[in-house]
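The structure appears below as C-alpha cells.
The values are calculated or read from the model by the stated rules, or taken from the named source; none is laboratory data. What you see is a predicted model, and the numbers here were worked out from it, not measured in a lab. Every residue, glycine as well, gets a Cβ built from its backbone with ideal geometry; the counts of neighbours run over all protein chains shown. Only protein heavy atoms, including side chains, enter the accessible area calculation; ligands, DNA and RNA are left aside. Shrake-Rupley method; radii C 1.70, N 1.55, O 1.52, S 1.80 Å.
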Amino acid sequence: MNVVEGGTTLWLLGLFLVLGFVAHYVGRRAHVPRVTLLLLIGVAVGPSALDLVPASVADWFPLVSRITLSMIGFMLGRHFKWGELKQSGRGVLVLSVVEAVGAAVAVGAALFVAGAGLALSLVFAAVAPATAPAATVDVIREVSAKGPVSETTLRVVAIDDAWGVLLFSALVVIVQSTLGVEGEAWGYLLEGAREVFGGVVLGLLLGAPMAWLSGRVVDGELTMIETLGAVLIAAGLAEQLGLSHLIACMTMGAVVANWGEHDRAFHAIEGASEPFLIVFFLLAGYALELGSLREVSWFGLLYVAARAAGKLGGARLGARLGGLSAPERRYVGWCLLPQAGVALGLGLSLAEHLPELGPRVLSTLVATTIAFELTGPIAARLALKRAGEAA
C-alpha cells in the first residue's frame with residue numbers, strides 16, 4: 001500500500017466512524033434503529049446509488065465481518081450462565097428449536113404448494129432459520145433493553161445459527177439425494193455437524209485458559225488487550241480448521257462467563273466492538289445491490305412472507321411449550337426477523353455444491369436479505385419498546 005492509498009484508507013475509516021455517530025444521533029431522535037440508517041447510508045454512498053466511495057473498500061468486508069461476528073459471538077456467550085440457564089434454559093432451548101423448524105417448514109411448504117418444486121423448496125427451507133446476530137445485538141444495545149424478552153432473544157440468537165447450520169446440512173442431504181448426488185450428500189451432513197460441534201470444542205479449549213487468566217490480571221490492566229487477542233485467536237483457528245467462528249467465540253464467552261472471576265472481559269470487548277460494528281453495517285449496505293430488488297418475483301415475496309410467519313408463529317408456539325412468559329411469547333419472534341450474512345454464506349455454499357439451483361437461490365437471497373435487514377431491526381426495536389424493555 002503506497003502513501004496515497006494509505007491516506008485514502010485512513011480518511012475513509014474516519015468518515016465511516018463519523019457517519020456512525022451521525023446515524024446514532026439521528027436514530028435516537030427519529031426512533032429508527034442505527035442499523036437501518038447505517039445500511040441506508042452504505043447503500044447511498046455505494047455503487048447502487050451515488051457511488052461516492054472507492055470500490056476498494058469492498059475488500060475490507062470479509063475481514064471486518066469475521067472480526068465483528070466473532071466479537072458478537074463472545075458477547076452472546078455471556079448470556080449462558082449456568083445459574084440463569086437452570087431457570088429458563090429449557091424454555092430457551094424449546095423456543096429456539098421450534099422457531100427454527102417453524103421458519104423452515106413454513107417456507108418449504110409455501111414454496112412447494114406454490115409450485116416451486118421439491119428441491120428448490122427444500123433449499124430455501126434450509127436457509128430460512130438463519131438470523132443476523134449482529135443486527136439484533138446492536139438494536140438491543142442501542143436502546144439499552146433489559147428484561148426477559150431481550151435476554152431470551154440474545155440466548156436464542158446465539159444458538160439459532162447452530163440449529164440453522166445443522167438443519168441446512170440435513171435438508172441439503174435430502175436435496176442432493178433427490179437430484180442424484182448421493183455420494184456427496186452424507187459427507188455434507190457430517191461437515192455441517194463438524195462445523196458446529198468442532199466450534200464448541202474449540203471454544204471450550206480456549207475458554208478455559210481465558211477464564212483462568214481473567215481472575216489473575218490486575219484490575220484495570222490489559223483487559224481489552226487479552227480479551228480481543230483471545231477472540232481473534234479463536235476466530236482465526238476456527239477459520240483455518242473449517243469450524244464456525246461465531247460458535248467457537250460464543251462457547252469461549254460462555255466458559256468465561258461461568259468460570260471467570262469477573263465480567264470485565266465482556267465490558268472491554270463491548271467497547272472495542274463499537275467501531276467494528278459501525279464499519280460492518282456501512283460495508284454491508286455498500287455491498288447491497290438495489291438492482292436485485294427489481295428481480296424479486298412472487299417467489300421472493302412468498303419467501304419473505306413465509307419466513308416471517310414461520311419465525312413469529314414458531315417463536316410464539318415455542319415460548320408457550322417452553323413455559324416462558326407472555327411478553328416473551330408475544331415479542332421474541334419479532335426480534336428474530338433480521339437475516340443477513342449467515343444466510344448468504346449458506347447460499348454461496350449451495351451455489352458451490354448445487355450449481356443447477358445456485359444462481360436462482362443467490363439472486364433471491366440477496367434481494368430478501370435487503371428486505372429483512374432494513375425492516376427487521378425496526379420490528380425488533382418496536383417489539384422491545386412495546387415489551388417495556390427499551391430505555
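How would you rank 45-58, 101-114, 144-157, highest first, on the average number of other Cβ atoms within 10 Å across their residues?
Ranking the peptides 45-58, 101-114, 144-157 by packing returns 144-157, 101-114, 45-58.
Please state, rounded to one decimal and in Å, the Kirkwood hydrodynamic radius that segment 45-114 gives when every pair of distinct Cα atoms enters the mean of 1/r.
Answer for segment 45-114: a Kirkwood hydrodynamic radius of 16.5 Å.
Tell me, what is the per residue accessible area of the chain in Å², probe radius 1.4 Å?
43 Å²
Probe radius 1.4 Å, ligands and nucleic acids ignored: give me the carbon and sulfur share of the accessible area of segment 230-282 as a rounded percent. Before the final figure, lay out the partial values.
Values: 1190 of 1890 Å².
Carbon-and-sulfur percentage of accessible area, whole number: 63.
How large, in percent, is the carbon and sulfur part of the accessible surface of segment 1-141 at a probe radius of 1.4 Å? Numbers along the way, then the final one.
Working: 4370 of 6180 Å².
That fraction is 71 percent.
Identify which of G164, G115, G242 has the largest mean-square fluctuation in a Gaussian network model of the chain, with springs joining Cα atoms closer than 10 Å.
G115
Using 0.36 nm per residue, how much length does the chain from N258 to R90 gain when fully extended, once their Cα-Cα distance is taken away?
Working: separation 168, 0.36 × 168 = 60.48 nm, distance 1.79 nm.
Length gained between N258 and R90: 58.7 nm.
Summing -39500 (n - 2.57) over the DSSP H runs of n ≥ 4 in the chain and dividing by its residue number, what mean residue ellipticity at 222 nm do you reach, to the nearest 500 deg cm²/dmol? Spell out each step's value before the answer.
Details: 15 runs with 303 residues, N = 391.
Taking each H run of at least 4 residues, the total per residue is -26500 deg cm²/dmol.
Using semi-axes √(5λ) of the Cα gyration tensor in Å as the read-out, say which of (1) 30, 26, 22; (2) 45, 24, 18; (3) 51, 23, 20 was calculated from these coordinates.
This structure yields the entry labelled (1).
In µm²/s, what is D for segment 8-146 at 20 °C and 1.002 mPa s, where D = kT/(6 pi eta Rh) by Stokes-Einstein and Rh is the Kirkwood radius from Cα pairs?
Diffusion coefficient, whole number: 116 µm²/s.
Go through 124-130, 89-95 and give me the packing order, highest mean Cβ count within 10 Å leading.
Working: 124-130: 29.7, 89-95: 20.6.
Packing proxy ranking, top to bottom: 124-130, 89-95.
As a quick test, which of the pairs K311/K385; K86/K385; K81/K311 have an alpha carbon distance above 22 angstrom in this structure? Write down the numbers at each step before the final one.
Working: K311/K385 19 Å; K86/K385 27 Å; K81/K311 26 Å.
Too far apart for the 22 Å limit: K86/K385; K81/K311.
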